[in-house]
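Before any comments, here is the structure.
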Amino acid sequence: MMRVYLVLLVGILSVSLASVIIKLTSDVPSVIMSAYRLGISSLILLGLSFAKSAKILPKTKSELFIASISGLFLSIHFISWIASIKLTSIASSVTLVSTSPIFVLLISFFIFKEKQDAKTVLATVGAVAGSAIIAFSDSGFAMGKLDKTSLLGDLFATIGAIAVAVYFLAGSFLRKNINTFQYITLVYGFSAIFTLIFAILSGERFTGYRPISYFYMLLLALIPQLLGHTSFNWALKHLKANAVAISTLGEPIGASILAYIFFGQTVGFLKLTGMAVVLVSIAVALKNSKKGEK
């Protein structure tokens, strides 16, 4: 299982860069940035598929339908989360979008009737509690402030969390019969199509932004998307969807550190406490959620 943990660590470090890149690309609307991110990723994967003569389509129509649903919710996740980053702080946005494990747990339990052992449930609660501490320390509520813009950003982040929970659950089902490369090519492709449709409907322009912004969007596609999200998708073959979702809660830690380095956003004692709770919860969840190597 050490290989699985290392891959998850690479995934966490890679996606942690996303929030910084998004902040630096302030002139590009969230739906356009999402379209470039997924479009570039999909084109690269399609090119590799043709070069390798790799199979893309799944065996059954039901798997194709689930892949399209997974792609749709991945699109919703990116559009809403990128919008959130632009409206609120990195720590709050990344933390709230990382509460997806609680939604994975609720959907798994109430819809799919999937049993969860006590330690996994406790780890989920602990991880979300730690994330809440991080968000609270950054929100300004303790000082009696109410920022409507930040609250809207928090709402978008929560929508992103729900969307990525559905994406993880769909991926967990598909990864039983589809290899990682086929899965990401199919799902990222569907997601790119949906995002392109949303971008066209939004009326936002695709060109005319700063030249450096296009470079940042390329980095967004290569590192957080192809390296980061693909690491999580690979792990779905070996761990429960809830465990993979919980592991993404390491992102607020990496993102908060990078936010301090790039933007001077400080990390106080309360936030550090929340980070520690998240890390312990991740360790407990991973220890009690392995499927076994395949």
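The values are calculated or read from the model by the stated rules, or taken from the named source; none is laboratory data. If you're wondering where the values come from, they're calculated on a predicted model, not measured in any experiment. Quick reminder, even Gly has a Cβ in these numbers, built from the backbone with ideal geometry, and neighbours come from all protein chains shown.
So, in region 207-259, how many residues would count as being hydroxyl-bearing (Ser, Thr, Tyr) and not in a helix (DSSP H, G or I)?
2
Which is buried (at least 17 other Cβ atoms within 10 Å of the Cβ) and touching a Phe, Trp or Tyr at 6+ places or on another chain (Cβ under 8 Å), of 85, 90? Spell out the reasoning first.
Numbers: 85 fails: touching a Phe, Trp or Tyr at 6+ places or on another chain (Cβ under 8 Å).
Just one listed residue meets the conditions, 90.
From the list 84, 62, exactly one residue is in contact (Cβ under 8 Å) with a residue 40 or more places away in the chain, assigned to a helix (DSSP H, G or I) and among the hydroxyl-bearing types (Ser, Thr, Tyr). Which is it?
On the way: 62 fails: in contact (Cβ under 8 Å) with a residue 40 or more places away in the chain.
Within the list 84, 62, the selection yields 84.
More than 28 Å from residue 206 (Cα to Cα) and either without any contact (Cβ under 8 Å) to a residue 60 or more places away in the chain or charged (D, E, K, R) (or both): which single residue out of 109, 50 fits that description?
That would be 109, the only listed residue that is more than 28 Å from residue 206 (Cα to Cα) and either without any contact (Cβ under 8 Å) to a residue 60 or more places away in the chain or charged (D, E, K, R) (or both).
Name the residue, out of 271, 176, that is within 30 Å of residue 54 (Cβ to Cβ) and among the basic types (Lys, Arg).
Matching residue, one of 271, 176: 176.
Residue-wise test of (1) at pLDDT below 80; (2) crowded, with 24+ Cβ neighbours inside 10 Å; (3) more than 20 Å from residue 71 (Cβ to Cβ); (4) basic (Lys, Arg).
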| site | (1), (2), (3), (4) |
| --- | --- |
| 114 | yes, no, yes, no |
| 149 | no, no, yes, no |
| 153 | no, no, yes, no |
| 164 | no, yes, no, no |
| 168 | no, yes, no, no |
| 181 | no, no, no, no |
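I'd like to verify a number: residues in region 11-60 that are surrounded by 14 or more Cβ atoms within 10 Å (Cβ to Cβ) and farther than 13 Å from residue 185 by Cβ, how many?
Looking only at that region, the number is 27.
Name, by its number, the condition in (1) of a type in the set (S, T, N, Q); (2) in contact (Cβ under 8 Å) with a residue 24 or more places away in the chain; (3) assigned to a helix (DSSP H, G or I) that does not hold for residue 116.
Going through (1) of a type in the set (S, T, N, Q); (2) in contact (Cβ under 8 Å) with a residue 24 or more places away in the chain; (3) assigned to a helix (DSSP H, G or I) one by one, residue 116 breaks only (3).
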